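Accompanying notes for the structure given below.
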Amino acid sequence: MSRALIVPLLSGTIFGAGLTIGGMTDPARVRGFLDLFGRWDPTLAFVMGGAVLVMALAWTAQRRMQRPAFAEGFSLPDARDITPRLVGGSALFGIGWGIAGLCPGPGFAALAIAPVPAAIFLAAMLAGMALVRFLERESA
Amino acid sequence: MSLPGFPDAAPMAGLAGGVLIGLAAALMLLGAGRIAGVSGIAARAFGLAESSLPRAGAAAFLVGLPLGALIVTGQSAAPAPAFAGTVPLVVAGLLVGIGTRLGSGCTSGHGVCGMSRLSQRSLVAVATFMATGFATVAAMNALGLAVLP
């Protein structure tokens, strides 16, 4: 297998293991974090904190690199403007996240834990993504 | 280890899982030169977005997610967690799909990768989806809408 596939496969596998160890594939734990005014479970903050800490170090390393280890170049987001679309989209995402206690990463990881609910969630998620794409093409 | 005052918290497991997630995102950044944002990678893999990440690479990342979960659950005898029923899963999935495309990212892209880079867009996105997530759970609890057993 080529490095173009091994790096993302390995990254996805470590990511999925981390989500599961951190309890993020358990919707009750995620909703427990979002239940700020009830029986709050701060575990998600530890998951996010650990991940952000490691990634902050990775960004300092990235700034010193000419190119990534196994690819031609870096391809990173460079948008800077705060738009109604960014805020509105994030607001909708947060509502969906709160309803079922799932976001995209744990949704895919949960295919190995509860395949039917995970597949229902992911099918609806992809339909939502397809709807945005369709409407964007219509208005283009 | 438990956290005083928070009987449900698993801080050490959370931290360990978070460090692994950070390492995975670091591998994607320093190895492939890309952001490990799951919503964007999913859209790319299913042909719903253009990206410089090759489609096969996006699919390989997505295959890894349940693979990693399987490796962990295979080592543990913990009971499987409960999930919401079909209707809330469909409503939630639609909102997550629409919201992450409009908002250009989710908990991984904006949360893990963007916040660690101090991206202002990501900080605004995370503050927004956390706020509506808190509000949603609070509102559902107030209305007596239980989605998990």
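Only helical DSSP H runs with n ≥ 4 go in: add -39500 (n - 2.57) per run for chain B, normalise by residue count and round the 222 nm mean residue ellipticity to 500 deg cm²/dmol. List each step's numbers first, then the result.
Numbers: 5 runs with 86 residues, N = 149.
After summing the helix terms and dividing by residue count, I get -19500 deg cm²/dmol.
If I require 24 Å or longer along the helix axis, counting alpha carbons, and a Kyte-Doolittle average no lower than 1.6, what helices from chain A are left? Use full DSSP H segments.
Span-like helices here: A:43-62.
Looking only at other chains, what is the average number of their beta-carbon atoms within 10 angstrom of each beta-carbon in A:133-140?
Working: counts 5, 1, 3, 2, 0, 0, 0, 0.
Neighbouring Cβ atoms belonging to other protein chains average 1 per residue here.
How much of the pair distance distribution for region A:1-46 lies past 18 Å, counting alpha-carbon pairs only, in percent? Write out the running numbers ahead of the final one.
Working: 456 of 1035 pairs.
Of all Cα-Cα pairs in region A:1-46, 44 percent lie more than 18 Å apart.
List the residue ranges in chain B for DSSP H helices whose C-alpha atoms run 18 angstrom or more along the long axis and whose Kyte-Doolittle average is -1.0 or above.
On the way: long enough: B:11-27 (24 Å, 1.86); B:55-74 (29 Å, 1.58); B:86-102 (24 Å, 1.74); B:120-143 (34 Å, 1.14).
Answer set is B:11-27, B:55-74, B:86-102, B:120-143.
If you take the square roots of the eigenvalues of the alpha-carbon gyration tensor of region A:38-140 and sort them as a ≥ b ≥ c, do you get rounded (a/c under 1.5), prolate (a/b over b/c) or oblate? The partial results should precede the final answer.
Values: a/c = 1.62, a/b = 1.19, b/c = 1.37.
Verdict is oblate for region A:38-140.
Under the rule a/c < 1.5 gives rounded, and otherwise a/b versus b/c splits prolate from oblate, where does region B:11-143 land using the Cα gyration tensor? Could the numbers behind the result be given before it?
Values: a/c = 1.37, a/b = 1.13, b/c = 1.22.
Rounded.
Take every residue in peptide A:73-79, count the Cβ atoms of other chains within 10 Å of its Cβ, and give the average of those counts. Before the final figure, lay out each step's value.
On the way: counts 2, 7, 7, 8, 14, 1, 3.
Mean shielding count: 6.
B plus A alone minus the pair: what accessible area, both sides summed, probe 1.4 Å, in Å² to 100? The partial results should precede the final answer.
Values: alone 10640 and 10840 Å², together 12290 Å².
About 9200 Å² of accessible surface is lost on pairing.
Over the heavy atoms of A:Cys103, what accessible area does a 1.4 Å probe trace out, to the nearest 10 Å²?
10
If all Cα-Cα distances of the protein assembly as shown are sorted into 5 Å bins from 0 onward, what percent lands in each bin, rounded to whole numbers?
1, 6, 13, 18, 21, 19, 12, 6, 2, 1, 0
What number comes out for the charge environment of B:Ala58, summing +1 per Lys or Arg and -1 per Asp or Glu over other residues with Cβ under 10 Å away?
On the way: positive: B:Arg34, B:Arg44, B:Arg55; negative: none.
Residues close to B:Ala58 contribute a combined charge of +3.
Roll a 1.4 Å probe over the protein heavy atoms and report the accessible area of A:Ile82 in Å², nearest 10.
Taking all protein chains as shown, A:Ile82 has close to 80 Å².
Ordering A:Arg64, A:Arg85, A:Arg3, B:Arg101 from largest to smallest accessible area (1.4 angstrom probe), what's the sequence?
Working: A:Arg64 205, A:Arg85 105, A:Arg3 150, B:Arg101 55 Å².
Final ranking, largest accessible area leading: A:Arg64, A:Arg3, A:Arg85, B:Arg101.
Which one of B:Leu23, B:Phe46, B:Ala139 is farthest out on the positive end of the charge dipole of chain B, using unit charges on Cβ (Lys, Arg +1; Asp, Glu -1) and the Cα centre as origin?
Towards the positive end, the residue furthest out is B:Phe46.
Averaged over peptide B:118-124, how many Cβ atoms belonging to another chain are found within 10 Å of each residue's Cβ?
Working: counts 2, 5, 3, 9, 3, 1, 5.
Mean partner shielding for this stretch: 4.
Rounded to a whole number, what % of the accessible area of region B:28-149 do carbon and sulfur atoms account for, probe 1.4 Å?
Values: 3260 of 4750 Å².
For region B:28-149, the apolar C and S fraction of the accessible surface comes to 69 percent.
The values are calculated or read from the model by the stated rules, or taken from the named source; none is laboratory data. Keep in mind that what you see is a predicted model, and the values were worked out from it rather than measured. Virtual Cβ from ideal backbone geometry, glycine too; neighbours counted across all protein chains shown. Surface areas here come from the heavy atoms of the whole protein model, side chains and all, with no ligands, DNA or RNA. Shrake-Rupley method; radii C 1.70, N 1.55, O 1.52, S 1.80 Å.
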